[in-house]
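No value in this document is a laboratory result; all are computed from the given coordinates. Because the structure is a prediction, the values reported are computed rather than measured. Ideal geometry is used to build each Cβ from the backbone, glycine not excepted, and the neighbour counts take in all protein chains shown.
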Amino acid sequence: MNASSNPQITGAARILGQTTVVAAASVLIGAALGLFTARWSRVADSTRIAAAKAPLPADSMMGAGQVIPERLEYLADMQAQPLLAQLKSTPDDPQLLAKLGSIYYMAHNFKEASTYFKRSVDRKDDVVVRTELGRAYYYAGDPDSALAEFENVLKSDPNNANALFNVGMVKWQSKSDAEGAVAAWRQLLLKYPNHPRKAEVEQLMVRAKQH
């Protein structure tokens, strides 16, 4: 599934300039895509910074304000190289696997991202990483696996705000289950009545009830 074709809560994000792939990917993933992302501070910034400073092939550049897939892919490969080297000596390190998943996710390589996120949670379960796994599955075109992962998160953390929201999005957009979507979003707002995106969730509930 191409992420750009998915329904969005907010307006389409605009990339301002060509400073670093980190800023561009963060806007693309965090602001434009429909699913909530888990706030994940455990992914080290050092590899992102190093990759952002790396030289780019001339054919990866476009006009100001644009980031193309080849650019993201190139920088993701640069970021991943040192981590893949580390992985050879510590292949079962869940944090290292999760970092690789994050790198490929930001490059919109959702299939590769899901592979590393899955390997990470198989070695050490973590609701944050599992949420990212669900999002990667969704944007890779596998809503059933995405829904299963979000529901797995809710088994261990029944009031997880990101999982509740994402369950609603997948049920509404991919399963045509508006009733199930509204139920998940209602639970979210009951538990978090002052959620910062309350107005957006309420708007989605109204839209889902109309279909």
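Quick check on the stretch 82-139: take the gyration tensor over C-alpha atoms, sort the square-rooted eigenvalues as a ≥ b ≥ c, and tell me if it's rounded (a/c under 1.5), prolate or oblate. Oblate, because a/c is 1.5 or more while a/b does not exceed b/c. A straight Cα-to-Cα reach below 20 Å connects LYS99 with the lysines LYS53, LYS88, LYS111, LYS118, LYS124, residues fewer than 8 places away in its own chain not being considered.
Rounded to the nearest 20 debye, the dipole size of the stretch 145-211 about its Cα centre is 160 debye, using +1 on the Cβ of Lys and Arg and -1 on the Cβ of Asp and Glu. In terms of packing, defined here as the mean over residues of other Cβ atoms within 10 angstrom, the peptides 177-188, 100-111 line up highest first as 100-111, 177-188.
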